[in-house]
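In what follows, a structure is listed as structure tokens, so that the remarks can point back to it.
The values are calculated or read from the model by the stated rules, or taken from the named source; none is laboratory data. Just so it is clear, the model here is predicted, and its values are computed rather than measured. Positions of Cβ are generated from backbone atoms using ideal geometry, with glycine treated the same way; all protein chains shown enter the neighbour counts. Just the protein is used for accessible areas: all its heavy atoms, side chains included, with ligands, DNA and RNA removed. Shrake-Rupley method; radii C 1.70, N 1.55, O 1.52, S 1.80 Å.
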Amino acid sequence: MVVGKFDLIVFDWDGTLMDSTARIVSSLQKASALSGLPVPSDEAAAGIIGLSLDQAFTELFRPASITAQQRGELMDHYRQQFVVDNPQPMPMFAGSSALLALLQRNQKQLAVATGKSRKGLDRVLEDTGVGQYFHATICADEAESKPHPDMLHRLMAIFNVKPEKTLMIGDTDYDLQMAENAGAKSIGVTYGAQPKERLLPFSSLALVDSVAELRDCLLQPC
């Protein structure tokens, strides 16, 4: 089993475990319009998922084209759109909760490395009830933004696990690049925020098209 080669399995959150891409894209677009900024396309908005919000805004808008006031307004409008105006919980991808439970039964140490804030991650962990499966989590306001290896370095230090015994699972090139930067292995999922083409350049163990395929890949040779 592929999973048997690793002591620590780290999951991205948005677009990997939670089906949140559409809400993130919509919230970014509405926040941009309310802040008087150009509205990013669906592809552009989805393409920055996984980064910290501050880094995401830098990627979407050239620093010279956005004032400090607009940046602050954009942050406020985004949080209003994403959380306050859409209070209903977002769904996990079908089979993801069962996969986490299965990995826990296989006595794997599980963690999350996400572009979400600590407040945001704690909220969705409570909403979904899957927080019980993770031994550690780290967020964008606690470490350097992906693809910097800081998140993985911190998690590996917590568990005293070597890079070659660490597996990162994510849906963006930021996740896969972070794994390479940290010396860890990765599996890319193509059902999230970014198209498969953006994941192909990396030396991942596999690219999978569904949670079911991810489960099979982890439990069987892939």
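Worth pointing out:
- Shown for the range 39-109 is the translational diffusion coefficient from the Stokes-Einstein equation, using the Kirkwood radius over Cα pairs, a temperature of 37 °C and a viscosity of 0.692 mPa s: 218 µm²/s.
- Local electrostatic count, Phe159, Cβ distance below 13 Å [Lys/Arg +1, Asp/Glu -1]: +3
- The range 186-192 - phi-based ³J(HN,Hα) in whole Hz, Karplus 6.51/-1.76/1.60, Gly and Pro as x: 8, 10, x, 10, 9, 9, x
- Rounded to 10°, Cα long-axis angle of helix 118-128 versus longest principal axis of the chain: 60
- Set of aspartates and glutamates near Lys185 by C-alpha distance (under 13 Å), chain-local residues within fewer than 8 positions excluded: Asp7, Glu164, Asp175
- Scanning residues 5 or more positions from Met18 or on other chains, those with amide H under 5 Å from its amide H are Phe93, with H placed 1.01 Å from N in the peptide plane.
- Take every DSSP beta bridge whose two residues both sit in the chain; close to 5 percent of them are antiparallel.
- Here the mean projected area of the convex hull built on the C-alpha positions of the range 1-40 is 4.2 nm².
- Accessible carbon and sulfur surface of the chain relative to its total accessible area, %, 1.4 Å: 50
- Remark: accessible surface ordering of Ile158, Ile9 (largest first) is Ile158, Ile9, probe radius 1.4 Å.
- Tensor-based shape of the range 80-205 (alpha-carbon gyration tensor, a/c under 1.5 rounded, otherwise prolate or oblate): rounded
- The Rg/Rh ratio for the range 124-174, using Cα coordinates for both the radius of gyration and the Kirkwood hydrodynamic radius, is 0.97.
- Counting every pair of alpha carbons in the range 16-155, the share spaced more than 22 Å apart comes to 42 percent.
- Working note: 222 nm ellipticity from helices only, DSSP H runs with n ≥ 4, each -39,500 (n - 2.57), summed and divided by the residues of the chain, gives -12000 deg cm²/dmol to the nearest 500.
- Rolling a 1.4 Å probe across the protein heavy atoms gives the range 79-222 an accessible surface of 46 Å² per residue.
- Dmax and Rg, reported as Rg then Dmax, of the range 83-152 (C-alpha, Å): 13.1, 39
- Under 5 Å from the amide H of Thr137 lie the amide H atoms of Val112, each residue being 5 or more positions distant or on a separate chain, with H modelled from the backbone and absent for Pro and chain starts.
- Between amide H atoms placed 1.01 Å from N, distances below 5 Å from Lys146 occur with Ser52, all of them 5 or more places distant or on a separate chain.
- Applied to the range 8-19, the Karplus parametrisation 6.51 cos²θ - 1.76 cosθ + 1.60 on θ = phi - 60° returns per-residue 3J(HN,Hα) values of 10, 10, 10, 9, 5, 9, 5, x, 10, 9, 10, 7 Hz, with x for Gly and Pro.
- Contact order, relative form, for the chain: 27 percent (alpha carbon pairs under 8 Å, 6 or more residues apart, mean separation divided by residue count).
- Of Val208, Val84, Val112, the one that fluctuates the most in a GNM where the chain has Cα springs shorter than 10 Å: Val84
- Here the chain is treated with +1 on each Lys and Arg Cβ and -1 on each Asp and Glu Cβ, and its dipole about the Cα centre works out to around 400 debye.
- Local charge for Ala179 was computed over the other residues whose Cβ lies under 13 Å away, with Lys and Arg +1 and Asp and Glu -1, and equals -4.
- Net charge contributed by nearby residues that have their C-beta within less than 11 Å of Met90 (K/R +1, D/E -1): -1
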